[in-house]
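Working notes, beginning with the structure itself.
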Amino acid sequence: MVSRRAFIKASGLAMFGLGIGGIPLFIMRAAAQSKIISPYKKSKILVCIFQRGAMDGLMAVSPFTDPYLKEARPSLFMNANSNGSLLDLDGRFGLHPGFQSFHQLFKDKQLAIVHGMGSPNTSRSHFDAQDYMESGTPFTKNTSSGWMNRAVGLLGHDGSPFRAVSLTNSLPRSFYGDNPSVAISNLADFAIQAKGNKANVNAAAQSFEELYDAAGDDLLKETGKESFEAMRLLQKTDVKSYKPANEATYPNSPLGNSLKQICQLIKMEVGLEIAFAESGGWDTHFNQGTDKGVFARNAADLSNSISAFWKDLGQLQDEVTLMTMTEFGRTVKQNGTGGTDHGRASCMFIVGNDVQGGQVHGVVKPLAPENLADGRDLAVTTDFRSVFSEVADKHLRLTNDKILFPDWHGDKIGVMKMS
């Protein structure tokens, strides 16, 4: 006898094998593993952005009153309260002017900053540090799953095929694992595609729906139909003509386009719960600039993209928390080419209505040589896992840190409001 589960799995594989190449593995897994809820239950949504390349946290959120920083960065140091200057946050820290769009969010207490954040692993390799952060196991290289994939597994209920979506060309390390997730580079291109003309595609899709309709097994029938319903919802929506709400204007950049599409998925109520996007170009070894230059351009793109996303959400803001991350920071001293090299701690931004906003959290000691890691870097005083776990706990209600972050036994830092 062929088991029900095996039959469902075989049916999903048959859909792919007959040439409907646009139906990805995550839908087959959804069909094989669980009944998808339809209509989809409204859930809290976590959006994560990885700033690849290692953002200079001391330039992003600068302790501008520290005399050691001014001495270490003669051509990169920026002060507050002058033209093209830092945006004073609390008398000690200043926000880089490229992050202008963040300033109002900070004043409205919808933006929290965590400084001195990083990994306890001292690697200065981009590849290794990103891998450790995305796996959530900074001292284990062979972890097979990413921490966001484990979070998907801990959500504890049946989900949509679009529960975990990365707006990237390929699946990020954070989503590796056994739980369903998908990478979509462009919603407009995500459709059932077959080898042949459009009529053949439509006929094939219809025949598979009829196959599920005729199935005697209720689980098979409902799983198949609801998978098609989710895909049809995307196909019926003219994503190219999407008009952001509240006059939100996204930058025409990879990150801006990714966040605009994430907002579309949220509004379409296809069951999204965890989303991922990337921001590149933060490896500022030379010509870093101050209020102009590569850092300023990246800062403006990140803050303008996130601010547009937040404005576009409108009344859905209560359902969403957005969190940035970066693999490590930069050296305290500038180098000989007007840039900064690989360091240790950086900072991160968390946007939401359930964050302890309007504050710079974490510990940044005076940048005297005796306080620096290896005598050169901002020391890590907040383990990234203490922040990630707190956000997942308070926003997604995930409390099993032993699964989410194995080998971590630290404390939360109070960046989220008490429920």
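Selection over the range 324-336 of residues that are in contact with an Asp or Glu (Cβ under 7 Å, 6 or more places away or on another chain) and assigned to a loop (DSSP other than H, G, I, E, B) gives a count of 3. Taken over the range 254-292, the criterion of being part of a loop (DSSP other than H, G, I, E, B) and of a type in the set (Phe, Trp, Tyr) is satisfied by 282, 286. Regarding residue 123, is this residue touching a helix residue (DSSP H, G or I) at 6+ places or on another chain (Cβ under 6 Å) and part of a loop (DSSP other than H, G, I, E, B)? Yes: the conditions hold for residue 123. Filtering 375, 339, 358 for residues that are buried (at least 16 other Cβ atoms within 10 Å of the Cβ), without any contact (Cβ under 8 Å) to a residue 60 or more places away in the chain and part of a loop (DSSP other than H, G, I, E, B) leaves a single hit, 339. Does residue 114 satisfy the criteria of being among the β-branched types (Val, Ile, Thr), surrounded by fewer than 24 Cβ atoms within 10 Å (Cβ to Cβ) and either in contact with a strand residue (DSSP E or B) (Cβ under 6 Å, 6 or more places away or on another chain) or more than 22 Å from residue 279 (Cα to Cα) (or both)? Judged against the criteria, residue 114 is not a match.
Here's the yes/no breakdown for (1) touching a residue at least 12 places away in the same chain (Cβ under 8 Å); (2) within 28 Å of residue 151 (Cα to Cα); (3) more than 20 Å from the chain's Cα centre (by Cα); (4) exposed (fewer than 15 other Cβ atoms within 10 Å of the Cβ):
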position: 367; (1), (2), (3), (4): yes, no, yes, no
position: 370; (1), (2), (3), (4): no, no, yes, yes
position: 382; (1), (2), (3), (4): yes, yes, no, no
position: 390; (1), (2), (3), (4): yes, yes, no, no
position: 395; (1), (2), (3), (4): yes, yes, no, no
position: 399; (1), (2), (3), (4): no, yes, no, yes
position: 404; (1), (2), (3), (4): yes, yes, no, no
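Among the residues making up the range 371-399, those that are closer than 25 Å to residue 353 by Cα, of a type in the set (S, T, N, Q) and at pLDDT 95 or above are 382, 386, 389.
Taken over the range 293-315, residues that are in contact (Cβ under 8 Å) with a residue 60 or more places away in the chain and farther than 22 Å from residue 262 by Cα amount to 3. If we scan the range 61-70, do we find a residue that is under 22 Å from the mean Cα position of the chain (by Cα) and at pLDDT 95 or above? Among the residues of the range 61-70, at least one is under 22 Å from the mean Cα position of the chain (by Cα) and at pLDDT 95 or above, which makes the answer yes.
The values are calculated or read from the model by the stated rules, or taken from the named source; none is laboratory data. The model shown is predicted, which means the values in this text are computed figures rather than measured ones. Here Cβ is always computed from backbone atoms with ideal geometry, including for glycine, and neighbour counts include all displayed protein chains.
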